[in-house]
Each structure stands twice: as C-alpha cells, then as structure tokens.
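Input: a single structure, listed below in structure tokens.
Rule-based calculations on the coordinates, nothing more; no lab input. Just so it is clear, the model here is predicted, and its values are computed rather than measured. As a convention, Cβ positions derive from the backbone with ideal geometry for all residues, glycine included, and neighbour counts pool all protein chains shown.
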Amino acid sequence: MKHARVACHGAIHDAVEENGVLKLADGRLVNFDDVIWLPPINPGTIFALGLNYADHANEISFNAPEEPLVFLKGPNTLIGHNGVTRRPANVEMMHYECELVVVIGKKARNVKREDAYDYVSGYTIANDYAIRDYLENYYRPNLAVKNRDTLTPIGPWFVEKHDIKDPMNLKLYTYVNGELKQEGSTKDMIFDIPFLIEYLSSFMTLNENDLILTGTPKGTVNVVEGDEVVVEIEGIGSLQNTIVGDKEFAR
Amino acid sequence: MLYHAKARFSSTTGLEDIYIGPSHIEWKGEKLTEDAFTWQSPVLGTVYGTLLNFREQVDALKGEFKKPPYQNEPVRPILYIKPRNTINAHLKEVAIPKGVEEVEINATLGVVIGKTATNVKEADAFDYVDGYTIVNDVTVPHTSFYRPAIKQKARDGYCPIGPWIVQKDNVPSPDNLMIWTFKNDELISVNSTKDLVRSIPRLIQDVTNYMTLAKGDLLLVGVPHNPPTAKAGDTIRIEIDHIGSLENRFVLENVQVAGGEKA
C-alpha cells in the first residue's frame, strides 16, 4: 500500500492511495492536485550515501570508496512532493540526485546482512540536491552543499516493504522539463541495502523512521531557476519539484 | 543565590523549571540534591557541532589547509550532526567500544535555539537564543577531517548534554566563558569561549545564512584542539561558568546499550 502525509481541509492527514485518489484516514477522498504533499515520514536520523554507484563516482572523478561514504542531514532540508527548491543566485553547479530511500522499521543494532530486511518498513524517493559551488574539503560533503533548506524533496509515497519484491533491482529515472536526463538501476549500488544496515548498525543503533538515502547513479547535470525536475523509481513513484530563485525567499 | 534553569527528568514530560543553588536544587518548592533526579537531555532538537572554531585548532592546522586533501582554508562554518542515538544525559554512562583504547573528551558550550532562525544578522543573533547547556562531544580519535566522522562521532550515547538549560539572561557574557574538564576530579583541560574563531552571534549568522535552525535545536560552539581522552573507569566532569557541571562515567561497551540506558 502507498501512504502519504498531506495537508488539506485545514489539517494534516495520513492518507493512502486508492484508485488514483487519496483516501484520508477519516474516509474522505481527495484528488492529488487538491493537497499539499508533506514528507511521507516524520524522520529520525537522516543518513545519506555519497559515491554509492560506481558510474556516478567516475562522473565526478572519484574512485569508488572502500567503505561507505555516509553523511547526515537535518530535518530542515526536507520538503514534500510538488515543492520548490531554492537555487541561490550566482551558483554554477546545482544538480539533482535521484535516490532510493530505505525507511527503518524498528530498533536495529548489530544486525547481520541476512536479517537486514527485517528492520526495513518500506521505501520512498528522495531528490538529494547538491550545490557543488559550496564544496569544501572538510567533512565533505559539507552541510553547506547538502543541508540547505529545501534541498531534499522526498516522497510522494511511503511504500510498504512487501510491495517491493526486489529493492536491489529497480530502475531510476530523472526528467528535467520532461526530458530524460538520468537513468540507472539500484542493482548498480556499490554497497547494497543489507550491507548498509549491517554496516551502520555495527557501530550505532538505528531507530524507527530513520532514513537511508542510498546514493545516485550517473547522469547528474546542472538545473536552473524554472526547471521542473521529476525523479522516479520503478514501483515507488514519481517525485516532482521546481527550482526557484532567491526572489521567492526575499534574499 | 539561585538561578533559573530548565531540565528534563525521566519522571516528567517536558521541561521543568528548577532553581540552582550552591549545594541544592529547588524543584516544586523542595530542596533536593542532584542525585535525587534521573536526568534526561534537556535538548530534543537536532544537535549541530562546529569543527575548526577554536583558534588554537585552526592555528595548529594552518600548515595543512593548503595541502591535500584540504586544498583550501575553510570558508563557511563546517558543521556536523550528532544524531538522536548519541544523545545522553548527566550522570549516565558512555561506552567505549571494543578495539578502541580511549576516546576524546570534547567539552563544549551548547547554544539552545529559542525560535526559528533563518538568515539571522549577527547583531540580532541573541534574540534567537533560548539559553545554554554543557555538552561532551565524545569522539573516537581521528586525524583526518576530510570525510564526515560518522563512525567516530555518531556512536550510541556519544553526546552527553545537560544537566540543564540555563536561560540566557543568567549568562552575562557567553563569549567569555571558561570551560573546565576534570578527569577523576583532576583538572586536565581549560578552554574559553573568548578563543572562538567565530563568536556565538557570528556563528549563528554564518550558519543560518545557509540553513535554518529550529526552536529547540542545539548549536555546539566548537571542539578544543588536542582534546583530553578518557578510558573505561574514568569519570569526566565538565564545568562551565554560570551554567553548571556535567558528569559521566566511561565504561566498556558490553555493559551498556543504546542511549546510555542500562539494559
């Protein structure tokens, strides 16, 4: 089943997808276009992976890492489906990153890879934008690149684990203004989902609703103000957002 | 003289008003000692730490900044996140994992954000501060700052916070506070917030220029150069002028589970 969190009728609602409309928990049916989409999960710790597809690592001229390159993100950076992302004036390289997101379902510590999926509740999609102009070589990728407000659209759906037969074999696509720009498959991850859960839980406790953004394949290109960006993952959904300039933020 | 603070106990929900005296704590009209409480972290928001914000650390690394892998001096505040599994409290234990001899004790001041702070100007920064607390940013020693230090900084219980939040009006000059670290009652390290590269208001300005801090978030002002270390069996106490003292005992990992709570 596909779950969403939306704002409509003056409140925030949990909803599920039913025959192409949203069914709120109180029974009301609402069209997709008549709601504000919120991040589908109220997140705990947000983990993200850098360089987790060999082809993308080559693209930005890095050797594939021997150990996962993990960084953390704050809740300020998340926005829902159909939201807008700010591109500051005078930056030269801001790119999208279509990523499969793993949602942790319960407390996980010292989990072995063969048991890893027991600790997953489901999946969603993130577009983990980066503004490369702000890269500094300290705790890289530093927060100024990755943790700016609005830089991580997520959703629209939280899809339950048992609805996705093989999360390690899903097609990923990114479209900019309707044109296909990025294409890949989760089967090309360097560190797969069971590995990541085993790795992280070997030195820290994962908790319910922690998120793991699993990295992006090659095909990341610059986007500019006015661009409409859609990231899509087979079986999970299609996450749309629009790039806006400083003016909307009075900056 | 009593000063007002806010604390969170395992027996209560939300923050409680307490009044700190020289040898006792007043809570709901009763005079108690600190061991009468089960302290929880007074902070529940996101905890952001700041790297390279003590002058001594920056001066010591000056020769490295122009070399690989760094290439350039840091420009913006370099932040990191202490995630929720790291949050720990006063008088709780901190675990040292197998294969690690000792851990760094990074005594620092935590600035508690009082309201949504976006693109704040230095001159207005204190309007966005609720108060201050003490933090021990426990870290497995590492020499490179090139990649995020998740394995070193994000272990369970590696961020003792507390014991309480002192409201900002009780802290006359937050940019001139002494931070004292004691190991088994012996003074081993002294720092002062007057030695910050970015003062507290400047740090709030430069951080909120690129990201929003929310009410209840905690901004750590910086970690000291060459921090002292602790081994299993040590008790660490960090004192900060006008705020109080935060104490934790270090144990081997196998006697402790997540978040500093005993199994």
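Percent relative contact order of segment B:1-150, based on C-alpha pairs within less than 8 angstrom and at least six residues apart? If you can, show how the numbers build up before the last one.
Details: 177 pairs, mean separation 24.0, N = 150.
Over segment B:1-150, the number comes to 16 percent.
Over chain A, what is the relative contact order in whole percent, taking alpha-carbon pairs under 8 Å and six or more residues apart?
Numbers: 636 pairs, mean separation 68.2, N = 251.
Here the relative contact order equals 27 percent.
Starting from the Cα of A:LYS107, draw a straight line to each of the lysines and keep only those under 21 Å, dropping any in the same chain fewer than 8 residues away.
Within the straight-line limit of under 21 Å, A:LYS107 reaches these lysines: A:LYS73, A:LYS161, B:LYS82, B:LYS92, B:LYS151, B:LYS153, B:LYS262.
Mind pulling up the Rg/Rh value for segment A:66-116? Radius of gyration and Kirkwood radius, both on Cα.
On the way: Rg = 16.3 Å, Rh = 15.4 Å.
My calculation of the ratio gives 1.06.
So if each residue of separation counts as 0.36 nm, and I subtract the Cα-Cα distance between B:ASN176 and B:VAL75, what length gain in nm does that give? Intermediate results must be reported in sequence, preceding the final value.
On the way: separation 101, 0.36 × 101 = 36.36 nm, distance 2.39 nm.
Between B:ASN176 and B:VAL75, full extension yields 34.0 nm more.
Averaged over peptide A:139-152, how many Cβ atoms belonging to another chain are found within 10 Å of each residue's Cβ?
Values: counts 16, 7, 2, 10, 11, 10, 2, 2, 6, 4, 6, 1, 2, 0.
Average neighbour count from other chains, rounded to a whole number: 6.
Could you give the C-alpha radius of gyration of segment A:84-180 expressed as a fraction of 2.2 N^0.38 Å, taking N as the number of residues it contains? Display every interim value, and only then the final one.
Details: Rg = 16.3 Å, N = 97, 2.2 N^0.38 = 12.5 Å.
Rounded to two decimals, the normalised Rg is 1.31.
So for segment B:43-260, averaging the separation of alpha carbon pairs under 8 Å that are six or more residues apart and normalising by length, what relative contact order in percent results?
Working: 533 pairs, mean separation 76.6, N = 218.
That works out to 35 percent.
Return, ordered by residue number, the residues of segment B:89-120 whose backbone nitrogen is under 20 Å from a label point located 7 Å along Cα→Cβ of A:ASN110.
B:93-102
Which one, B:SER189, B:SER245, B:SER144, has the greatest fluctuation when you compute a Gaussian network model over chain B with C-alpha springs under 10 angstrom?
The residue with the greatest mean-square fluctuation here is B:SER144.
Projecting each Cα onto the charge dipole of segment A:26-160 (Lys/Arg +1, Asp/Glu -1 at the beta carbon, about the Cα centre), which of A:ASN90, A:PRO75, A:THR150 comes out farthest on the positive side?
The one lying farthest along the dipole's positive direction is A:PRO75.
How about B:LYS66: which aspartates and glutamates have a C-alpha closer than 17 Å to its C-alpha, ignoring those fewer than 8 places off in the same chain?
The qualifying aspartates and glutamates are A:GLU136.
So if I restrict to the alpha-carbon atoms in segment B:43-260, what is the Rg, and what is Dmax, the biggest pairwise distance, in Å?
Radius of gyration, then largest Cα-Cα span, for segment B:43-260: 16.4, 48 Å.
If I model a spin label as a point 7 Å beyond the Cα along the Cα-Cβ vector, how far apart are those points for A:VAL84 and B:THR13 in nm?
3.8 nm
Within 10 Å, count the other beta carbons around each residue, average over each peptide in B:207-219, B:54-66, and list them highest first.
Numbers: B:207-219: 20.9, B:54-66: 13.8.
Final packing ranking: B:207-219, B:54-66.
Calculate, for B:LEU187 and B:ARG55, the FRET efficiency according to 1/(1 + (r/R0)^6) with r their C-beta to C-beta distance and R0 22 Å; round to the nearest 0.05. If you can, show how the numbers build up before the last one.
On the way: r = 21 Å, r/R0 = 0.97.
That pair, B:LEU187 with B:ARG55, gives E of 0.55.
What is the gain in length, in nm to one decimal, between B:VAL100 and B:GLU64 on full extension, counting 0.36 nm per residue of separation less the C-alpha to C-alpha distance? Could the numbers behind the result be given before it?
Values: separation 36, 0.36 × 36 = 12.96 nm, distance 2.63 nm.
Residue separation times 0.36 nm, minus the Cα-Cα distance, leaves 10.3 nm.
For the pair A:MET168 and A:ASP34, what calculated FRET efficiency results from E = 1/(1 + (r/R0)^6), where r is the Cβ-Cβ distance and R0 = 45 Å, to the nearest 0.05? Mind dumping the intermediate values first?
Numbers: r = 36 Å, r/R0 = 0.79.
That pair, A:ASP34 with A:MET168, gives E of 0.80.
Could you size up the charge dipole of the protein assembly as shown around its Cα centre, putting +1 on the beta carbon of Lys and Arg and -1 on that of Asp and Glu, and report it in debye to the nearest 20?
Numbers: 53 positive and 70 negative charges, 85 e Å.
Rounded to the nearest 20 debye, it is 400 debye.
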